[in-house]
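Asks: The structure under discussion is supplied below as structure tokens; questions concerning it will follow.
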Amino acid sequence: MSIGTGVVLFVIGAILTFAVNVEVAWVNLDLVGYILMGAGVVVFLIGLVLLARRRRSDTVTHTTVDPTVGERTTRQSSSSSDAASDI
């Protein structure tokens, strides 16, 4: 969701900066457009970082010794969380 929000902010800022030719006395629309484009880039990058962190996988290895036989047993489990399982 944050990636889409970043793109939308960037597009609205670009429209205000480059496509709208209206002079308003109380606000500079070019400056507002540049601020929105900068905020859109920041939100987009934060969304990418959060997406990369969410797709991380963890592997856990447990080694136990059976006291009756004296054999070592190793159990390995791995878990990964991706975007599809969080929905």
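Asks: Relative to the longest principal Cα axis of the chain, at what angle does helix 29-54 sit, 0 to 90 degrees, rounded to 10?
Replies: Its long axis makes an angle of about 10 degrees.
Asks: Treat the count of other C-beta atoms within 10 Å as a stand-in for reagent exposure and order V22, V60 from fewest to most.
Replies: V22, V60
Asks: Can you tell me, using C-alpha contacts under 8 Å and at least 6 residues apart, the relative contact order of the chain as a whole percent?
Replies: Contact order relative to length: 27 percent.
Asks: OK, next. For the chain, set up a Gaussian network in which alpha carbons nearer than 10 Å are linked by springs, and say which option among G38, G13, G70 fluctuates the most.
Replies: G70
Asks: Another question, then. For the Cα atoms of the chain, what angle does the longest principal axis make with the long axis of helix 2-14, in degrees from 0 to 90, nearest 10?
Replies: The angle comes out near 20 degrees.
Asks: Now, a different point. Where in the chain is the longest stretch that carries no trypsin sites (Lys or Arg not before Pro) classed as loop by DSSP and with at most 15 other Cβ atoms within 10 Å?
Replies: 1-54
Asks: Let me ask another. Okay, helix-only estimate at 222 nm for the chain: each DSSP H run of n ≥ 4 adds -39500 (n - 2.57), divide by all residues, round to 500 deg cm²/dmol; what do you get?
Replies: -16000 deg cm²/dmol
Asks: For q = 0.15, 0.25, 0.26 Å⁻¹, what log10 I(q)/I(0) does region 2-86 give under the Debye formula with an equal point scatterer on each alpha carbon and no solvent?
Replies: -0.71, -1.07, -1.11
Since every read-out is calculated from the coordinates, none of them should be taken as a lab result. Remember, predicted model here, so these are calculated numbers, not experimental data. Ideal geometry is used to build each Cβ from the backbone, glycine not excepted, and the neighbour counts take in all protein chains shown.
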